[in-house]
Structure formats: C-alpha cells, structure tokens
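The next block holds one structure in the form of structure tokens; read it before the comments.
Since every read-out is calculated from the coordinates, none of them should be taken as a lab result. Since the model is a prediction, treat every value here as computed from it, not as a measurement. Note that each Cβ is placed from the backbone with ideal geometry, even for glycine, and that neighbours are counted across all protein chains shown.
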Ligand SMILES: Nc1ncnc2c1ncn2[C@@H]1O[C@H](COP(=O)(O)OP(=O)(O)OP(=O)(O)O)[C@@H](O)[C@H]1O
Ligand SMILES: Nc1ncnc2c1ncn2[C@@H]1O[C@H](COP(=O)(O)OP(=O)(O)OP(=O)(O)O)[C@@H](O)[C@H]1O
Ligand SMILES: [Mg+2]
Ligand SMILES: [Mg+2]
C-alpha cells in the first residue's frame, strides 16, 4: 500500500539533499509513469524536485539529455540516439517507458479502408508513411515487413513529419499505408477511412521508448537510484491501474480513473481518448536489454547508424536493479 | 513652315503648392530659324522646350505648325543625352528611322551618313558607356538629325561637357546646322553660346517665366567669334547679361 | 613662404598598363600668388593638384614649403564639393577648426565670419542637400578659408555650376581673394576663368602631362573684364586656346 | 480671312503623368479581402482549406481575449528583440572594422560570403547540439540570420563612402579614428539601415524555424502547433500576425531612419 | 650655401591606396579550414558537435561513390529548376505589366508587399492541404519564394527606367508596345537580374523547407534525414553542398547577365 512505500522512501532517504531534476518529455500517454510520479509526489518522497520540460519532438530530448540540458530524458529510442552515442555523446538508457507487446494494442500498420491491401505481404512496392527517418516508426515498419520476407528496398518509405500528417495522408490516400499508434488507430477506424493490416505487437517485440540519464546524472548514483525508485513505483502504479488482465482481457484496475485523469491532465486530452491508447510497460520498468542489441544491429544493417556501438555502452540496468532492491516487493 | 507658340502658360500643381512656371509665352519659329532660349536657373526654359516638343501639356495656350498638312516631325537632343544604353551608337542613331518603318537600306545609308557627319565613324558598334561625354552628345545629335525633323529641339546639349570640348562642339554644331538649316529651338545658360548660335535670342525672366525680350542677332552666321565681330558680339552678350544678372543672383541664393 | 614643386612625375600602374600622367613638372607658387593650371581633359591637372595637396604620392620628385618651420596648413576646395552631407553648413565650415582643437568661441566666431564672407548667413543650419549647387560650393570655399591655410587648392570648383552662376561665383572669388590674398593653386578647363583669376597660368599638355608654357598675366587683378582690358584679355585667351586646341580635339575623340 | 493649315502639337507622354486617386491602393487590398470572404461564404472551398477572413478575425479576437495571442506575441518579441539586437550590433561593429581595413576586408569578406548562403534551417540539429533547447539556440538562430545581411550591408556601406569625403576629412586634419567616427560611420548609415530592414524580414522568417526547437510559446510555435493540429483558422491568425509584425517592424525602422538621418 | 628651412608635403591618404596581395582572400578561407581541422583533431569539441573538414570530405567522397549524392542532387535540381523557372517567368511578366500601368501598380503593389513578408514555412500545412504531398507543393513553395523578389524587383526596375529614355523613344516615334519592348524591358533587365540573384538564394533556402514535405530524395531531404539521425558529418556534407550550390547558382546568373547585358 501507499503507507509502505512511503516508509521505504523515507527509510532510504537518510539526510539526502534536495535535488532538482529536469525531465525532458513529450505530452504523450507513454510518459504516464512520470506524470504519476510527479502528480502523486513519488519523486518528492525521494526528496527530488522533478520538473517537466516539454518538447515538441523526440529527437531534441535525446540531444538535450546528452548535452546535459536536462538530466533525464524520456522518449522513443531512435536511430539518432544511437548515432549521438556513436558520435561521442554519452547517455544511458536505464528504464522502460513503453514497448510493443503481444496482446496489447499500441502501434499498427493501416491502409485506407477501401484499399485492396489485406496483408503486409501486399505492401511490396507501395508507399508507406512514417513520421521521420530513423524514428521508431521507421524501425517498426522495417522489422514487420521483414517477417514477410520484404526489406526496406521493397517499399517506399515516406517521411510525413507528424502523426497528423500520417492521418491526413491516409485519408487523402496519398500513401498506400501508414504506421500509427493509439489512440489514433481507433480514431481512424472509427471515422472509417482506415483499416488495420497488422498489429506491430503481434509481429515483433520492441522496446519502443525508454528513460535515459545524462552521464553526469548517471554518475550521481545516489540521486539516480532515488529517481528510479520513484519511477518504478509510478510504473507499478500505472501497470496495476490500466494493464491488468483477466482471462486475457484488459480490465480497469484499482485507481484506473485516477491514472486516466492524471494522463489527461498532462497531455491536454480527453480521458476517453486516453483510454484508447495505453501503451504496455514493464511493471518494474525493466528494459528489454537484448532488444536494444537487435535494434542496433538492424539500424546498422540499414545504414541508419554510422558506426556500430556496443549495447553495454548505452544500457545501464544496474541502477534500476539497485532501486528495485531498495524498493522491495 | 512656321512653328507658333501662342499664349502658352504652365502651372505645376503639387500636393503642397502651385508653381506658375510659364506665363504669357508668345513667339514663333520661322522656317530655317535658329532660336535660342536663355534665362536664369529655374525660369522655365526646359518646361517650355518640353511643351513645344510634345512632352508636356501646357496649362493654357497652344503650339502649332503653320503651313503644313503632314504630321510634323520633331527631334530632341536632350541635356541628359538619353541614348539607350543597351543599343550601340549605330542602333541609337537609326532608332527613329526604325520606328518609322524605313527600309533596311535607307536605315543603313542614312545612319552611316549622319554618323559620318558628326565624326563618329569607327564607333558604330560602341556602346554609349564606352564613349566620352562629347562623343555621346554627338551620337545624340546624329540620332536627332537622322529623322530629318521639321523642328529640332535642344536642351542645354553641351552643359555637361568641359569648357574646351564645349567650344569645339559649338563650332561643329554650327557647321552641321549650316548644312542642314533645320528650324531649331535651343536652350542654354551660356550667353556666349546664345550669341554665337542664334538668329534670335529669347530672354526669359523668373517667377513666373515670361519673355523679357527677344533679341535679333544681326551678325553673319559664320565667323561671329572673329576679331572684326568682337565688338558687336560683346555688345549682345552684355545686353543679355544685363537682362539676366539680377535674376541669376536671386536664383543663386535660392536653395 | 613659397611652395616649390620639383621634378614631379607620376606614373599610374594598372593591372593592364602603365599610364604616365605627369612628367618633369617644375614650378613654384610664390607668397600670395594665384596660379591657375589649365589643360585639356586627362592631361593630369587633378593628379598634380592632389600631389601638391598631399592626397597622392608622386612617383618622383618632391613638393615642399620653403621658408617656414611650421607644419604647413593646406585647404582644398573640391570639384565634387565634398561637403559632409550629415553636417549642417555651419558644422561643415568649422570642420577643420574642430579637428585642430580650436576653442568653442573661436569656432563660433571664425565659422560665422567666413559664412558671412561667402554670403551664406541664414543658412547655417541647412543641410547640403537643401542648398543649390552654387551655395554648396560657397560652403566648400568657406570651409577651406576657415582654417586660414598657407596654400589654398581648388580643383575646378565651379565646373558643375551653370554658366551664369559660374560668372557670379568667379567675381565673388576674386573679391574674397583680394581680402585674404592666399597663395592659391587653381585648376580649370575654362580659359576665360584662368585669365580672369590668375597671376600666372600654367598650361599643361597631354600624354604625358608636361608644362607646355607658363604665362604671366600682366593685368591689374581687378577689372580684367572691363572694356579697356578687353583686348589684352582676348590676347591671353587666344594664346592659351592656341596652345590647347590641338590637344583638346584629340581628347574629344578618345572614348 | 484665309488661315493656313495647322498641325497642333500635343503631349505624347501624357500617360507618364497619369494621376491615380489615393483610394486605388486601398481598393486592391479590400477587393482581395472581399473576394476571399465571398469565396468562403459561397463554400467554393471548404473552410479547412481556406478560412474566411471573418472567421480568422473572430478567432483572432477570441485568442486576444483569452490572452493566448499576447502571451505568444511577447515570447516571440522577446526572442526576436534580443536576437536582433545581438545580430545587429555584431554585424555593424564587425562590418565597420572589416570595411575600413583592406586586410581584414580581403580576409573576412570571402568567409562571410561563403557562410551566408547556408540555409539556417539546415543547421537546426547542430544548433540544438551546440546550444541546447532553451532560449539560447532560438536567439542564436535569429541573431545569425540578422548578422549576415547587416554585416554585408555595413561593409558595402563603408566601401561605398565617397573617398573624396575621406580625403576632405584628412585634408582638414582628421586622424584615422576621427575618419571612422566622423565620416565612415555616418556615411555608411544609410546602407546599414538598408541592412537592418532586410534583417527585420529575415528575423521573423527565422522566428518560425527557431521556434521549431522545443518552444511552447511564441507566434512561430503557435503557427506550428495549429499547423500540426490542422486548425487552419488559428494557423492563419498566426500567419497574418507575422506579416503584420513584419510590416510594423519595417515601418519602425523607417521612422528611426528618418529621425537619425535628417540629412537624407 | 644656405638653404631655407623646408617642410615637405607627403601623402596623407596612402592608406586608401594600400594594395592587398591576391592570396589574402584565399588565406582567410584556408586559415579558417585549417583552424577548424586543428580544433577537431585536438578533440577540443567532440566530432558530433563539429565534424572535421577532412571527415566531411571523406564522407562526401563516399556518398559520391555510392551515388547517393547525385541522386539527391538531381532530385533537388529538378525541383529548384522547375520552381525557379515558374516563379521567375510569372514574376517578370506580372512585374512588367504592373510596373507599366499606374493603375495596376496602385492596386497590385500593396497586395504583393503585404503577402511578401509571410514566412513561407508557416504556410507549409496549408500548402500540403492544397497541393498534397507530391512534387506539386514542393515546386509551389519554391516558385512562391522566387516569385516575390522577382516581381518586386521587376516593377521597381520598370519604375526606375529613366523617364527621359521613354520620352526619347516617344519623341522618335515609338508606340506603347515598342516603348515596353524596346525601352522598359531592356531598361529594367539589370534590376530583374538582381531579383533573380536574390531569388536564387531564396530558392535554395526554401528547398529545405519544401523537402520537409514527404520527400525521399533531395539535398534538403538528405539534410533533414541526417539531421534526424544525428549523423552530423553527413549533415554537413549536405549543408556545404547547399552553400556551394548557392554560390554556383549566383555565378551562373552573373555569367548570364554579363552575356545578356554587354552594355552594362
Ligand atoms: N514636374 C514639376 N513639378 C513641379 N514643379 C516643377 C516641375 N518641373 C519644373 N518645375 C518648376 O518649374 C520651374 C521651371 O523649371 P524648369 O526646369 O523649366 O527651369 P529651367 O529654366 O529649365 O531651369 P534650369 O536652368 O535649372 O534647367 C521651376 O521653378 C521648377 O521648380
Ligand atoms: N587612379 C588612377 N589610375 C590610373 N590612371 C589614372 C588614375 N587617375 C588618373 N589616371 C590617368 O591619369 C591621367 C590624368 O588624369 P587626371 O584626372 O589628372 O586628368 P585631368 O587633367 O584632371 O582631367 P579632367 O580635366 O578630365 O579632370 C589620365 O589619363 C587618367 O586616365
Ligand atoms: Mg532645364
Ligand atoms: Mg580633373
């Protein structure tokens, strides 16, 4: 319960100094644990003053984190992040912040509803809209079509820069298919101009986004662990509220409405919309470490990263393990 | 054929004020007559010349050719020279012929004839910017002569030239004029120039420009600068200078 | 105090060719003497004046003041007038005094004195663009007089003015000079002007510029344009024109 | 009485003097606006594609009342203001120095001219790397965009100062410092102002690019925001505000120029 | 022999005539490049922040060999080419017509001047709405960017044609059509060329913005691509290529101007 957690927090608190931490993030549902952590005071319990720094796009978050403008970044894991690490900008991925998981709807490939395309296989030679090159969308499209014996050379990837651009292009049929995430998938299907061809989570396992630390912050072990303790606590809170399943079906957990409202408040969206797209996350915020290696290899193969990098350089699971150990349960 | 300027007046209406530049101008240019307009700065010489040249409407009065049924042919030599910079000397000289639709052969012949007359042979293919000031104005004169006009108008054609070039050009103009005998209206500041060239000198006064006096120059057209004519030349010059002096001094002190 | 120009030569070295503008120039300007340089276009008059004025290095020879231990004071009246457009008439006139570090009172007094001398009182606060050509050049003259120079240099100061204004300005310049008696080197194209103003006229020839002749004008400094001096005036004018004519004709035909 | 035949001379270039009534210039713009409104009212194009002027005005009014407009305006004005001042001051100082000495001129000018044509927007990722995501990179982009036209105009201004004025100053006793201060600076001011006016346009152009970097407030951010959401009416409010700002900026500089250069 | 004291006169404005050796201009650029290389070699800044010139060159060479560079270059040249020609032709034609007639001038000029300062990049979402995501919107943006400087320069060119030349033409018998053809057009050509040169820079600037719209190929797309991926060395290849293109474009127009206007 709440009481226990607070005790644990205070117990480890010793005479910890009050730290001010800037978190770079987007106003997206996948940042839910961070919203919860701030809103419910989990960070405060660890004597951390967490401040949200809102960004408009994912990539600047990584840049800002590596450059130390913010201590913590929370966003999609993109090729640019790997390239920055390869270019000498150190940052470490420490925790999960959303992934594609079988049985949980998150991202999908859609085609116009009256399109003749029914399966991924038929995408050969077609235009597929993504947000940007080297983005998670790029990766997902590339990996999903590989399952059907296609490569990036067999399709035309069209960068459309924004989700809104993807939806508009699908509506006006300027592209043959697009990759979209929830809640937009539901919107598109409801409005009737698109149909799902393939759920990404059914095809691949993918660590979509993560929480990463600037090198300086990662070295400040005490605070880093305290931060992750709060984060893990928030992740559990999130998982228990919205990701619990019964008989293979999602059911609202305890605090369901509270979590939805927190997310709605931070993302300036209607609660009903939020309910459509709640991404899967590990209950303890643990990373899919081996998937990071898969990503690096794939990006390298597609020449989207410049130099191969060692996964060990950018993944740090020790901090989280330490935090979980302290957190218990 | 005679050109009559009748009761011409001109008032410029600005946003701020009205300027009466000319008033009560009456004179005529007889056939083959060389008329020179002199007057201090700002007295309306250019205004009058532009009205006669059909480049400005008079506020009052009219200008007409008497004794002809054809549309009269005008040519102007501008103070600013106004050669087309993108045309060679030859192309500039024959511009008027071209616009009149003359035959290729006529253009070639007449063009060359007048280029030779002003002493620009060898420079047919040069662009204006490659010429000295004096040469540019010769080309301007050739362009005007080339259409063989019924009336030739010249607005201070030599004022941008240095004193010596100017002296030489005056001599040449006289030589050319003696060959062509065109009716001419010539504007100048320079009293010597006026006496040297004119059959009659019209002296304008300032504010508003009115005709102060018309002076008949009773000297032979050639050799006016020779020693025997010296005294008469001086007399005319002084007469004109006395008419103008006061106005010129006033003009000098108006910003 | 006397200014000596000794063996001066000047060759311009372009990327393409060498132009010898001046060669073998020797003369002196005596105290309170008014020297006029005349010559056809391009003979090197401005070049020589600039060398004497310390605005150009001679390729050979030297210029020096004899009989003084102080740094000599030079003033130039430019053909282009060269008033500072962003300064009022008064500020322009006192520029030299300001740069010499004169006292406020001295600046005020001398500035006003010379502005009055050239007849610009009332225009102290006007900017150059508000003045007519003649008034601008008066301001330029006042600026030069204001530092009471040891040598006054003037490069065709009136060539941009119209004929009548020019005549009036020449008269005024002579009046002013008679009051100040400054040693002066004056460049002009205009032979009448040279004879009217000079104690001695130096006639230059072209290609390269050398001294063709130095002519002493033996006439009283005032009233040279009066009737009794007419003949002598003409004699000098013709003498100079004959020296220049051939060169001027050549200059006219060089683009 | 027998009169001879006459041929009158009339003005053949009257077309050059044709006077146009004052209202003509207003006519064009109003005509366009009315046409635009009519097209929208008749539903010839859907409002998403082309919002009606009246709809834009209504939204602008709403945004003014909620304070959204001013909040964004001030954020942008602040950025543009600082960036503009930094770029202009650097541009003028470097321009004066470079223009006066032939050596610095020969060395610096080619560098400036080869960096100038680089589209600043292509450098966005690098600028984020260098300056992070705060106000610094935004101000830097604007300052960069302002610097180049100003520096180039300043040194062409310096080089176009009539040498005879410099000669006059030296003749009347000025030393080098005074030549720069009393002749070269005032003499190049008109060109400097031309550069400043050019830079005013550029600074607003780059404002949109600059506010692509993680900005929550600002007219550029607002335009991008409503562009992403495809709320075209509010997008147009931003666009028109930018163009209005450009006009005002230019007028302001014109006014300043008339004040500072009464001799022009 | 007793000589009197002498005071020589020497040239006080020698600094104006100072000759700078030819190599000075090369010196500046090379110096900058060498300094840049050294800074990178000494690892004063990480290569991600500022790739070394040598690294950029190496990558450029690789990209040339793989054909990537040319593929992108051609795609961009095609877009810029078409957009530029459309914008320039429209700009010149409308400029000539508007400039010649005082009425169209009074009506159209204020419209043009009030649309000109709108940052085209802010209109991207609308342009996508209107023209989709194919080549059309890209070409349109470039054409728009080219149109404005050209039309404005053309009609200022027309208005700056010395009226005395028009008077001369009329005096020597030209009708209106010939006045336009033989005087106004050639007389405004220098200004038109100035506009074309200005537009050359603008077109490359807008290329990057245009290729933000769903472009797979093109230098702008390449720059955005490597910017997204944070591969700064290859990003710099694109940036430098753009600046080189700008330089070449300008030189080409200069050459054309010298050919077409031998009288200048
Ligand atoms: N377009 C115009 N609008 C208003 N006033 C004008 C215009 N053109 C000339 N004026 C005025 O008319 C008067 C006569 O001008 P005009 O140019 O004819 O004089 P001018 O005798 O040719 O002078 P100058 O000898 O200086 O050439 C002047 O006072 C001038 O200011
Ligand atoms: N900076 C220069 N570089 C090369 N040649 C020059 C330079 N200045 C003058 N010259 C040449 O030197 C000669 C003399 O020129 P200068 O200007 O002294 O003549 P000028 O007698 O003053 O002529 P004008 O009467 O036309 O003013 C000319 O042939 C000119 O071309
Ligand atoms: Mg006149
Ligand atoms: Mg000279």
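Structure data summary
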read-out	value
Helix B:230-252 axis, angle to chain B major axis (alpha carbon atoms, nearest 10°)	70
Separation in nanometres of the label points that stand 7 Å from Cα toward Cβ, at residue C:31 and residue D:15	7.1
The stretch C:122-232 - share of DSSP beta bridges that are antiparallel (%, nearest 5)	60
Gyration tensor (alpha-carbon) shape descriptor, chain E, a/c threshold 1.5	oblate
Normalised contact order of chain D, rounded percent, pairs of Cα under 8 Å and 6 or more residues apart	23
Mean residue ellipticity (222 nm) of chain D, computed from DSSP H runs ≥ 4 via -39,500 (n - 2.57), nearest 500	-24500 deg cm²/dmol
Inter-copy spacing of residue D:47 label points, which lie 7 Å from Cα along Cα→Cβ, given in nm from shortest upward	5.6
Shortest-first nm distances, residue D:85 label point to equivalent points in other copies (7 Å, Cα→Cβ)	4.9
Considering only chain B, percent of DSSP beta bridges that pair antiparallel, nearest 5	55
Residue order, fewest to most beta carbons within 10 Å, for A:75, D:30, A:187, C:184	D:30, A:187, C:184, A:75
Choice from B:40, B:220, B:58 showing the highest fluctuation, given a GNM over chain B with Cα pairs closer than 10 Å	B:220
Using a Förster distance of 30 Å, the FRET efficiency for residue A:268-residue D:26 (Cβ separation, nearest 0.05)	0.10
Least to most buried among C:172, C:30 (fewest other Cβ within 10 Å first)	C:30, C:172
For residue D:61, inter-copy label distances in nm, listed shortest first [label point 7 Å out on the Cα-Cβ vector]	6.7
Alpha-carbon gyration tensor eigenvalues x 5, square-rooted, for the protein assembly as shown, Å	79, 37, 27
The stretch B:82-148: translational diffusion in µm²/s, Stokes-Einstein, Kirkwood Rh over Cα pairs, 4 °C, 1.567 mPa s	114
Förster radius 45 Å - calculated FRET efficiency between residue C:180 and residue B:213, Cβ distance, rounded to 0.05	0.70
Per-residue average of Cβ from other chains inside 10 Å of E:208-218	4
Shielding by partners, peptide A:60-73 (average Cβ within 10 angstrom, other chains)	4
Mean residue ellipticity (222 nm) of chain B, computed from DSSP H runs ≥ 4 via -39,500 (n - 2.57), nearest 500	-11500 deg cm²/dmol
Where labels lie 7 Å past Cα in the beta-carbon direction, separation of residue A:51 and residue E:261 in nm	5.5
Relative contact order (percent, whole number), the stretch B:103-194, Cα cutoff 8 Å, 6+ residue spacing	29
Share antiparallel - DSSP beta bridges, the protein assembly as shown, percent rounded to 5	55
Near-label residues of the stretch E:30-46 by backbone N, under 18 Å of a point 7 Å along Cα→Cβ of residue A:216	E:45-46
Residue E:70-residue A:308 pseudo-label distance in nm [points 7 Å out on the Cα-to-Cβ vector]	3.1
Candidates D:74, D:147, D:155: whichever shows maximal mean-square fluctuation once chain D is modelled as a Gaussian network with Cα springs under 10 Å	D:74
C-alpha long axis of helix C:163-180 to longest principal axis of chain C, angle in °	70
Nearest-0.05 FRET efficiency for residue D:39 and residue D:61, computed from C-beta distance (R0 22 Å)	0.50
With Cα atoms, 0 to 90° folded angle of helix A:136-146 axis to chain A main axis	50
Relative exposure of D:12, A:283, C:143, D:41, judged by other C-beta atoms within 10 Å (fewest first)	D:41, A:283, D:12, C:143
Highest-fluctuation residue, A:213, A:227, A:55 considered, GNM on chain A with Cα pairs under 10 Å	A:55
Relative contact order (percent, whole number), chain C, Cα cutoff 8 Å, 6+ residue spacing	27
